[in-house]
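Working notes for the structure below.
The values are calculated or read from the model by the stated rules, or taken from the named source; none is laboratory data. Remember, predicted model here, so these are calculated numbers, not experimental data. As a convention, Cβ positions derive from the backbone with ideal geometry for all residues, glycine included, and neighbour counts pool all protein chains shown.
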């Protein structure tokens, strides 16, 4: 019971002391944006953002949310002590083809505006992604052209054109 009371008092103190503060005043992030680059459709990816408490009070991450169901954040619910660090793991399901630019909102106790972290990348069809990776291993990424009938790389197209 004493621990619960102390925790409530700590949260209240933090909320009163940081009410008008910005996230940047109480925390530091190793990077605010992670680019996954090109990823294969249907193969989920994850990254971690490292959060450092730069204040002299414990930092409480109240909530971490994403703008859509394709992005899933996970975080430690325990307060981050002064000078300490924690990680926010962000997963992306890679289900839909296309470029993506997703926001992850980190809500801190006593800070009115959430901190926005970003993940970006491009989800490619499996055949196109495999061709891209194969080309990259041979010395440089080739542009990958994909149509509904044939799937060829620009190198293959060039060879076909030279033979004709």
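Here are the numbers for the structure shown:
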| quantity | calculated |
| --- | --- |
| Yes/no for residue 62 being more than 30 Å from residue 132 (Cβ to Cβ) and either more than 12 Å from the chain's Cα centre (by Cα) or in a strand (DSSP E or B) (or both) | yes |
| Pairs with Cβ under 7 Å, 6+ apart, first in the range 117-143 and within 27 Å of residue 71 (Cβ to Cβ), second at pLDDT below 90 and in a helix (DSSP H, G or I) | 141/135 |
